[in-house]
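Q: One structure, pasted below without further comment.
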Amino acid sequence: MTSLSSESEHALELLSRAAEPLERIHALRLLAAAIDRDPAVLRNVRAALDEGLSWERIADAAGLGLAAAKWRWQGTDEQIAARFVAGRKRSARPSSIPTGLPGQSVADAAQTLGVTAQAVYLRISRGTLEATTVTLHDGRSYKRVLL
């Protein structure tokens, strides 16, 4: 059996000592996060691949989709680390959806009106809803519904 990292072992020990329900919940979350980062998982993924097991079976065993499993574990240590760094950079960026545009998005208008987005587009084409297309300086376009 592949041994767990000291972080995972520590989280497991915290769980075994937790007496109160809230302490156990906290310890379980710490353990889950530690095991998710544990190098033992990657070692076992690589061992499974060396044995000829498919990515589909590995993803299933990990409770992940195929793309998520490959994103998490495929490639060299450097490639995996680079993907995680890039993912953290993306998540730290502000939303790329502009704010301050006139009216509402088609999705928001559909929710307001209690209809589907397709129904909103149909009403726009029939002239029963007013809408405009806003094109930003970078070329992105947004359909905005003026309720």
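Readers should treat all values here as calculations from the given coordinates under stated rules, not as data from a laboratory. This structure is a prediction, so every number in the text was calculated from the model and none was measured. In this analysis, Cβ positions are derived from the backbone assuming ideal geometry, glycine residues included, and neighbour counts consider all displayed protein chains.
Q: Does segment 127-141 contain any residue that is basic (K, R) and surrounded by 11 or more Cβ atoms within 10 Å (Cβ to Cβ)? Explain how you work it out, then say what you get.
A: Initial filter on segment 127-141 (basic (K, R)): 140.
From what's left, surrounded by 11 or more Cβ atoms within 10 Å (Cβ to Cβ): 140.
Yes.
Q: I'd like the full set of residues that are more than 16 Å from A33 (Cα to Cα) and without any contact (Cβ under 8 Å) to a residue 40 or more places away in the chain, limited to segment 1-15.
A: Taking segment 1-15 and keeping what is more than 16 Å from A33 (Cα to Cα), we get 1-3.
Result: M1, S3.
Q: Another question, then. Only one of these is over 30 Å from H137 (Cβ atoms), over 24 Å from the mean Cα position of the chain (by Cα) and without any contact (Cβ under 8 Å) to a residue 60 or more places away in the chain: L113, L64. Name it. It would help to see each step written out before you state the result.
A: Working: L64 fails: over 24 Å from the mean Cα position of the chain (by Cα).
Unique residue meeting the criteria: L113.
Q: Determine which single condition A119 fails, assuming it passes every other condition in (1) of a type in the set (A, V, I, L, M); (2) surrounded by fewer than 16 Cβ atoms within 10 Å (Cβ to Cβ); (3) under 29 Å from the mean Cα position of the chain (by Cα).
A: Condition (3) is where A119 drops out.
Q: A further question follows. Out of the residues in segment 54-69 that are within 20 Å of Q79 (Cβ to Cβ) and of a type outside the set (G, A, S), which is surrounded by the fewest Cβ atoms within 10 Å (Cβ to Cβ)?
A: The residue in question is L66.
Q: Check whether at least one residue in segment 98-117 is of a type in the set (D, E, K, R) and under 28 Å from A32 (Cβ atoms), and report yes or no. Walk me through how you get there before you give the answer.
A: If we filter segment 98-117 for residues that are of a type in the set (D, E, K, R), which is where we start, we get 108.
Now narrow it down to the ones that are under 28 Å from A32 (Cβ atoms): none.
The answer is no, given that none of the residues of segment 98-117 is of a type in the set (D, E, K, R) and under 28 Å from A32 (Cβ atoms).
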